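A.B. asks: Sharing a structure, written as C-alpha coordinates. Questions coming.
The values are calculated or read from the model by the stated rules, or taken from the named source; none is laboratory data. If you're wondering where the values come from, they're calculated on a predicted model, not measured in any experiment. When we count neighbours, we look across all protein chains shown, and the Cβ atoms used for this are built from the backbone with ideal geometry, even at glycine.
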Amino acid sequence: MDKGKVLEALKQIRAQEKKRKFVQTIDVAFNLKELDLNKEEGKLEEFIQLPHGRAKPAKICAIVGAELIEQAKKFCDLAIISDDFPKWEDKRKIKKLAREYDYFLGQANMMPLIAKTFGRYFGPVGKMPNPKAGQIVPPKANIEPIVKNLRSTIKVAIKKAPVIHCAIGSEKFTDEQLADNLNVIYEKLKSKFPRAQHNIANIRIKTTMGASVRVENA
(Lines give C-alpha, C1' and ligand atoms only; values in the text may rest on other atoms or scores of the structure.)
Protein backbone atom coordinates (compact mmCIF):
# COMPACT_ATOMS: atom_id res chain seq x y z
CA MET A 1 0.00 0.00 0.00
CA ASP A 2 1.27 3.46 -0.93
CA LYS A 3 1.45 5.33 2.40
CA GLY A 4 1.65 8.67 0.61
CA LYS A 5 -1.71 8.03 -1.07
CA VAL A 6 -3.25 7.09 2.28
CA LEU A 7 -1.94 10.28 3.88
CA GLU A 8 -3.33 12.32 0.99
CA ALA A 9 -6.78 10.74 1.44
CA LEU A 10 -6.69 11.44 5.18
CA LYS A 11 -5.73 15.04 4.48
CA GLN A 12 -8.76 15.36 2.19
CA ILE A 13 -11.26 14.00 4.69
CA ARG A 14 -9.95 16.31 7.41
CA ALA A 15 -10.12 19.31 5.07
CA GLN A 16 -13.75 18.69 4.14
CA GLU A 17 -14.93 17.83 7.65
CA LYS A 18 -17.14 20.18 9.66
CA LYS A 19 -16.51 20.70 13.37
CA ARG A 20 -18.62 18.27 15.39
CA LYS A 21 -19.52 18.18 19.07
CA PHE A 22 -18.10 14.67 19.41
CA VAL A 23 -14.96 12.83 18.40
CA GLN A 24 -15.59 10.96 15.15
CA THR A 25 -14.09 7.64 14.22
CA ILE A 26 -12.13 7.22 11.02
CA ASP A 27 -13.76 4.39 9.11
CA VAL A 28 -12.52 2.37 6.17
CA ALA A 29 -14.37 0.27 3.60
CA PHE A 30 -12.54 -2.40 1.63
CA ASN A 31 -14.67 -3.08 -1.44
CA LEU A 32 -13.89 -6.56 -2.72
CA LYS A 33 -14.06 -8.29 -6.08
CA GLU A 34 -13.77 -11.75 -7.61
CA LEU A 35 -14.57 -13.55 -4.35
CA ASP A 36 -17.22 -16.25 -4.09
CA LEU A 37 -19.05 -15.46 -0.85
CA ASN A 38 -20.52 -18.96 -0.82
CA LYS A 39 -17.09 -20.58 -0.61
CA GLU A 40 -14.45 -20.57 2.11
CA GLU A 41 -12.65 -17.61 0.53
CA GLY A 42 -15.72 -15.46 1.15
CA LYS A 43 -16.16 -16.40 4.81
CA LEU A 44 -13.29 -14.36 6.20
CA GLU A 45 -13.21 -13.51 9.90
CA GLU A 46 -10.01 -12.15 11.41
CA PHE A 47 -8.90 -10.45 14.62
CA ILE A 48 -6.27 -7.79 14.01
CA GLN A 49 -4.27 -5.99 16.67
CA LEU A 50 -3.70 -2.38 15.64
CA PRO A 51 -0.26 -0.88 16.40
CA HIS A 52 -1.77 2.41 17.61
CA GLY A 53 -4.90 0.96 19.15
CA ARG A 54 -8.61 1.28 18.42
CA ALA A 55 -10.69 4.44 18.28
CA LYS A 56 -11.82 3.40 21.78
CA PRO A 57 -10.15 0.59 23.74
CA ALA A 58 -12.25 -2.57 23.63
CA LYS A 59 -14.50 -3.26 26.61
CA ILE A 60 -13.86 -6.74 27.94
CA CYS A 61 -15.92 -9.05 30.12
CA ALA A 62 -14.50 -12.26 31.59
CA ILE A 63 -16.73 -15.25 32.34
CA VAL A 64 -14.66 -17.44 34.61
CA GLY A 65 -14.49 -19.72 37.62
CA ALA A 66 -12.93 -19.18 41.03
CA GLU A 67 -9.42 -19.80 39.58
CA LEU A 68 -9.46 -16.61 37.50
CA ILE A 69 -12.00 -14.35 39.17
CA GLU A 70 -9.46 -12.11 40.97
CA GLN A 71 -7.46 -11.53 37.79
CA ALA A 72 -10.68 -10.90 35.88
CA LYS A 73 -11.79 -8.27 38.39
CA LYS A 74 -8.38 -6.59 38.20
CA PHE A 75 -7.84 -6.49 34.45
CA CYS A 76 -11.29 -6.65 32.81
CA ASP A 77 -14.20 -4.22 32.79
CA LEU A 78 -16.57 -6.83 34.16
CA ALA A 79 -16.09 -10.27 35.72
CA ILE A 80 -18.83 -12.88 35.89
CA ILE A 81 -18.14 -15.92 38.06
CA SER A 82 -19.71 -19.27 37.27
CA ASP A 83 -21.51 -19.33 40.63
CA ASP A 84 -23.59 -16.37 39.44
CA PHE A 85 -24.86 -17.99 36.23
CA PRO A 86 -28.37 -18.46 37.68
CA LYS A 87 -28.60 -14.65 37.83
CA TRP A 88 -28.25 -14.57 34.03
CA GLU A 89 -31.48 -16.29 33.04
CA ASP A 90 -33.15 -13.13 31.70
CA LYS A 91 -32.54 -12.97 27.94
CA ARG A 92 -32.91 -9.18 27.91
CA LYS A 93 -30.11 -8.91 30.46
CA ILE A 94 -27.84 -11.16 28.37
CA LYS A 95 -28.61 -9.25 25.16
CA LYS A 96 -27.75 -5.99 26.92
CA LEU A 97 -24.49 -7.54 28.12
CA ALA A 98 -23.62 -8.58 24.54
CA ARG A 99 -24.22 -5.04 23.29
CA GLU A 100 -22.13 -3.38 25.98
CA TYR A 101 -18.93 -5.42 25.66
CA ASP A 102 -16.68 -5.92 22.65
CA TYR A 103 -15.02 -9.15 23.75
CA PHE A 104 -15.73 -11.93 26.22
CA LEU A 105 -13.09 -14.14 27.77
CA GLY A 106 -14.20 -17.65 28.66
CA GLN A 107 -12.47 -20.12 30.97
CA ALA A 108 -11.75 -23.18 28.85
CA ASN A 109 -13.11 -25.86 31.17
CA MET A 110 -16.33 -23.87 31.53
CA MET A 111 -17.06 -23.33 27.85
CA PRO A 112 -19.93 -25.90 27.68
CA LEU A 113 -21.67 -24.11 30.55
CA ILE A 114 -20.93 -20.68 29.04
CA ALA A 115 -22.41 -21.86 25.74
CA LYS A 116 -25.49 -23.20 27.51
CA THR A 117 -26.08 -19.98 29.47
CA PHE A 118 -25.02 -17.28 26.98
CA GLY A 119 -24.52 -18.96 23.60
CA ARG A 120 -28.07 -18.56 22.32
CA TYR A 121 -27.71 -14.79 22.49
CA PHE A 122 -23.95 -14.29 22.04
CA GLY A 123 -23.69 -16.56 18.99
CA PRO A 124 -25.92 -14.64 16.55
CA VAL A 125 -24.05 -11.37 17.22
CA GLY A 126 -20.57 -12.91 17.09
CA LYS A 127 -19.75 -12.43 20.76
CA MET A 128 -18.96 -15.96 21.90
CA PRO A 129 -15.34 -16.33 23.15
CA ASN A 130 -13.27 -17.07 20.06
CA PRO A 131 -10.02 -19.06 20.16
CA LYS A 132 -8.73 -17.08 17.13
CA ALA A 133 -8.41 -14.03 19.37
CA GLY A 134 -7.17 -15.93 22.41
CA GLN A 135 -10.46 -15.44 24.23
CA ILE A 136 -10.65 -19.01 25.58
CA VAL A 137 -8.21 -19.26 28.47
CA PRO A 138 -7.08 -22.14 30.71
CA PRO A 139 -7.84 -21.97 34.45
CA LYS A 140 -4.23 -21.10 35.31
CA ALA A 141 -3.74 -18.47 32.59
CA ASN A 142 -2.17 -15.07 33.06
CA ILE A 143 -4.89 -13.01 31.47
CA GLU A 144 -3.24 -9.58 31.76
CA PRO A 145 -1.38 -9.75 28.38
CA ILE A 146 -4.44 -11.28 26.70
CA VAL A 147 -6.64 -8.42 27.87
CA LYS A 148 -3.98 -5.87 26.89
CA ASN A 149 -3.86 -7.25 23.35
CA LEU A 150 -7.64 -7.37 23.02
CA ARG A 151 -7.93 -3.71 24.03
CA SER A 152 -6.34 -2.76 20.70
CA THR A 153 -7.83 -5.54 18.56
CA ILE A 154 -10.56 -5.19 15.95
CA LYS A 155 -12.63 -7.88 14.30
CA VAL A 156 -12.98 -7.78 10.52
CA ALA A 157 -15.35 -10.00 8.61
CA ILE A 158 -17.11 -10.45 5.29
CA LYS A 159 -20.83 -10.62 5.94
CA LYS A 160 -23.55 -10.67 3.27
CA ALA A 161 -21.86 -8.33 0.78
CA PRO A 162 -18.35 -8.20 -0.73
CA VAL A 163 -17.17 -5.39 1.55
CA ILE A 164 -15.36 -5.10 4.88
CA HIS A 165 -16.08 -2.15 7.16
CA CYS A 166 -13.94 -1.28 10.18
CA ALA A 167 -12.52 1.67 12.10
CA ILE A 168 -8.82 2.55 12.00
CA GLY A 169 -8.90 5.10 14.82
CA SER A 170 -10.44 8.45 15.61
CA GLU A 171 -9.94 12.12 14.76
CA LYS A 172 -7.55 12.33 17.72
CA PHE A 173 -5.06 10.03 15.99
CA THR A 174 -2.35 11.51 13.81
CA ASP A 175 -2.50 10.76 10.10
CA GLU A 176 0.68 8.69 10.48
CA GLN A 177 -0.96 6.55 13.16
CA LEU A 178 -4.10 6.09 11.06
CA ALA A 179 -2.01 5.14 8.02
CA ASP A 180 -0.05 2.59 10.07
CA ASN A 181 -3.26 1.02 11.40
CA LEU A 182 -4.76 0.87 7.91
CA ASN A 183 -1.66 -0.75 6.48
CA VAL A 184 -1.69 -3.52 9.11
CA ILE A 185 -5.31 -4.33 8.21
CA TYR A 186 -4.53 -4.19 4.48
CA GLU A 187 -1.57 -6.56 4.80
CA LYS A 188 -3.58 -9.03 6.87
CA LEU A 189 -6.46 -9.05 4.38
CA LYS A 190 -4.09 -9.33 1.43
CA SER A 191 -2.52 -12.42 3.00
CA LYS A 192 -5.93 -14.09 3.32
CA PHE A 193 -7.34 -13.53 -0.17
CA PRO A 194 -6.65 -16.00 -3.00
CA ARG A 195 -5.46 -13.21 -5.31
CA ALA A 196 -3.99 -11.01 -2.58
CA GLN A 197 -4.44 -7.28 -3.27
CA HIS A 198 -6.15 -8.04 -6.58
CA ASN A 199 -9.26 -9.10 -4.64
CA ILE A 200 -9.54 -5.55 -3.27
CA ALA A 201 -11.39 -3.39 -5.79
CA ASN A 202 -10.85 -0.15 -3.91
CA ILE A 203 -10.50 1.35 -0.46
CA ARG A 204 -12.50 4.31 0.84
CA ILE A 205 -11.92 6.28 4.05
CA LYS A 206 -14.36 8.56 5.87
CA THR A 207 -15.20 10.11 9.20
CA THR A 208 -18.36 9.00 11.01
CA MET A 209 -20.47 11.78 9.49
CA GLY A 210 -18.38 12.75 6.48
CA ALA A 211 -18.19 11.79 2.82
CA SER A 212 -15.81 9.05 1.80
CA VAL A 213 -12.57 9.57 -0.09
CA ARG A 214 -10.98 6.89 -2.22
CA VAL A 215 -7.40 5.88 -1.50
CA GLU A 216 -5.87 6.21 -4.95
CA ASN A 217 -3.88 3.32 -6.37
CA ALA A 218 -4.15 1.29 -3.17
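A.B. asks: Can you name the number of the only condition in (1) within 17 Å of the chain's Cα centre (by Cα); (2) assigned by TED's automatic domain parsing to the domain that holds VAL184; (3) of a type outside the set (Asp, Glu) that PHE22 fails?
C.D. replies: Of the numbered conditions (1) within 17 Å of the chain's Cα centre (by Cα); (2) assigned by TED's automatic domain parsing to the domain that holds VAL184; (3) of a type outside the set (Asp, Glu), the odd one out for PHE22 is (1).
A.B. asks: Any chance the range 73-80 includes a residue that's touching a residue at least 60 places away in the same chain (Cβ under 8 Å) and under 18 Å from the mean Cα position of the chain (by Cα)?
C.D. replies: yes
A.B. asks: Specify the residue that is farthest from TYR186 (Cα to Cα); the eligible residues are those in the range 46-63 that are over 12 Å from the mean Cα position of the chain (by Cα) and in a loop (DSSP other than H, G, I, E, B).
C.D. replies: Looking at the filtered set, the residue picked out is HIS52.
A.B. asks: Check whether at least one residue in the range 2-16 is in a loop (DSSP other than H, G, I, E, B), surrounded by 12 or more Cβ atoms within 10 Å (Cβ to Cβ) and at pLDDT 95 or above, and report yes or no.
C.D. replies: no
A.B. asks: If you scan the range 150-168, which residues turn out to be in a loop (DSSP other than H, G, I, E, B) and buried (at least 17 other Cβ atoms within 10 Å of the Cβ)?
C.D. replies: Going residue by residue through the range 150-168, those that are in a loop (DSSP other than H, G, I, E, B) are 152, 158-162.
Correct list: ILE158, PRO162.
A.B. asks: With the condition kept exactly as written, say whether any residue in the range 19-26 is without any contact (Cβ under 8 Å) to a residue 24 or more places away in the chain and not in a loop (DSSP other than H, G, I, E, B).
C.D. replies: Scanning the range 19-26, I find no residue that is without any contact (Cβ under 8 Å) to a residue 24 or more places away in the chain and not in a loop (DSSP other than H, G, I, E, B), so the answer is no.
A.B. asks: For the range 86-99, check the following and say yes or no: at least one residue is in a helix (DSSP H, G or I), surrounded by 13 or more Cβ atoms within 10 Å (Cβ to Cβ), charged (D, E, K, R) and in contact with a helix residue (DSSP H, G or I) (Cβ under 6 Å, 6 or more places away or on another chain). First the steps, then the outcome.
C.D. replies: Of the range 86-99, the ones in a helix (DSSP H, G or I) are 86-88, 91-99.
Those still in the list that are surrounded by 13 or more Cβ atoms within 10 Å (Cβ to Cβ) too: 88, 94-95, 97-98.
Those still in the list that are charged (D, E, K, R) too: 95.
Still in the running and in contact with a helix residue (DSSP H, G or I) (Cβ under 6 Å, 6 or more places away or on another chain): 95.
Checked the range 86-99: at least one residue is in a helix (DSSP H, G or I), surrounded by 13 or more Cβ atoms within 10 Å (Cβ to Cβ), charged (D, E, K, R) and in contact with a helix residue (DSSP H, G or I) (Cβ under 6 Å, 6 or more places away or on another chain).
A.B. asks: Do we find that ALA79 is more than 19 Å from VAL184 (Cβ to Cβ), out of contact with any Pro (no Cβ under 9 Å at 6 or more places or on another chain) and among the small types (Gly, Ala, Ser) in this structure? Full working, then the answer.
C.D. replies: Details: more than 19 Å from VAL184 (Cβ to Cβ): yes; out of contact with any Pro (no Cβ under 9 Å at 6 or more places or on another chain): yes; among the small types (Gly, Ala, Ser): yes.
So ALA79 fits the description; yes.
A.B. asks: What are the residues in the range 170-216 that are touching a residue at least 12 places away in the same chain (Cβ under 8 Å), assigned to a helix (DSSP H, G or I) and over 12 Å from MET1 (Cβ atoms), if any?
C.D. replies: Across the range 170-216, the qualifying residues are ASP175, GLU176, GLN177, LEU178, LYS192, HIS198, ASN199.
A.B. asks: Only residues that are without any contact (Cβ under 8 Å) to a residue 60 or more places away in the chain, part of a loop (DSSP other than H, G, I, E, B) and either touching a Cys at 6+ places or on another chain (Cβ under 7 Å) or closer than 14 Å to ILE69 by Cα (or both): list them for the range 101-147, please.
C.D. replies: TYR101, PRO138, listed by residue number.
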